[in-house]
1. Give, as residue ranges, the helices (runs of 4 or more DSSP H) completely inside the range 22-123 that count at least 3 residues that are among the charged types (D, E, K, R).
2. Filtering the range 1-44 down to residues that are of a type in the set (Asp, Glu) and at pLDDT 80 or above, which residue is surrounded by the fewest Cβ atoms within 10 Å (Cβ to Cβ)?
3. Are there any pairs, at least 6 apart or on different chains, whose C-beta atoms fall under 8 Å, with the first in the range 71-89 and in the same structural domain as LEU104 (by TED's automatic domain parsing) and the second part of a loop (DSSP other than H, G, I, E, B) and aliphatic (A, V, I, L, M), and if so, which?
4. Any residue that is within 23 Å of ALA126 (Cβ to Cβ) and at pLDDT 85 or above - is there at least one of those in the range 51-63?
5. Does at least one position in the range 46-55 carry a residue that is among the polar types (S, T, N, Q) and exposed (fewer than 14 other Cβ atoms within 10 Å of the Cβ)?
6. Can you find a residue that is surrounded by fewer than 11 Cβ atoms within 10 Å (Cβ to Cβ) and closer than 26 Å to ILE24 by Cα anywhere in the range 104-122?
7. Does GLU125 satisfy the criteria of being surrounded by 11 or more Cβ atoms within 10 Å (Cβ to Cβ), under 27 Å from THR35 (Cβ atoms) and acidic (Asp, Glu)?
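The values are calculated or read from the model by the stated rules, or taken from the named source; none is laboratory data. Just so it is clear, the model here is predicted, and its values are computed rather than measured. Heads up, the Cβs are rebuilt from the backbone with ideal geometry, glycines too, and the neighbour counts pull from every protein chain shown.
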Amino acid sequence: MERLFSFQPTHGRSKPAIGHRTAIINQGKIAAIDTPENLRAQSVELQYIEALFDKQVNIEEISKSPNISKASFAGNKVRVYTANPSAVIEFLVEFAKQKRLRILSLNTMMPSLEDVFIKLIKEKEATV
């Protein structure tokens, strides 16, 4: 079986072309290599949920959930980071019911490969 390798630097590109396996390279050394899905799955704490409510919400009240590691506004949406999206979705639905809010949109987002790269580099620097 013939194998094909393609190196495509992403400098200056808004979106890299993604193959079956992706390598994250830092200072000329491979920091990680796997499928894009597996690389993202290794960084579950970077996944987040974006919710849009029909009225302004208090971000501090949302931050009270023990499953939310960070909450902030992203434009008119609330962005919450979590390693447990199912629990946070349940929390947000209950929160909306209690506050008599309507959820206009609710999206779960996996970390980007850029997020994974930054996490890997920070972990590597912490061990040096």
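1. On the way: elements: 36-41, 59-62, 85-98.
Counting at least 3 such residues, we get 85-98.
2. Within the range 1-44, the subset of a type in the set (Asp, Glu) is 2, 34, 37.
Restricting the remaining residues to those that are at pLDDT 80 or above gives 34, 37.
Numbers: ASP34: 15, GLU37: 11.
Step by step, filter the range 1-44, then rank; the result is GLU37.
3. Within 8 Å, the pairs are VAL78/VAL57; VAL80/ILE68; TYR81/ILE68; THR82/ILE68; VAL88/ILE68.
4. Step one: filter the range 51-63 for residues within 23 Å of ALA126 (Cβ to Cβ), giving none.
The answer is no, given that none of the residues of the range 51-63 is within 23 Å of ALA126 (Cβ to Cβ) and at pLDDT 85 or above.
5. Our first condition is that a residue be among the polar types (S, T, N, Q); within the range 46-55, this holds for 47.
Narrowing the set further to residues that are exposed (fewer than 14 other Cβ atoms within 10 Å of the Cβ) leaves none.
For the range 46-55, residues among the polar types (S, T, N, Q) and exposed (fewer than 14 other Cβ atoms within 10 Å of the Cβ): absent.
6. Of the residues in the range 104-122, the ones surrounded by fewer than 11 Cβ atoms within 10 Å (Cβ to Cβ) are 105, 122.
Restricting the remaining residues to those that are closer than 26 Å to ILE24 by Cα gives 122.
Yes, the range 104-122 contains a residue that is surrounded by fewer than 11 Cβ atoms within 10 Å (Cβ to Cβ) and closer than 26 Å to ILE24 by Cα.
7. Numbers: surrounded by 11 or more Cβ atoms within 10 Å (Cβ to Cβ): no; under 27 Å from THR35 (Cβ atoms): yes; acidic (Asp, Glu): yes.
No; evaluated as a whole, the condition is false for this residue.
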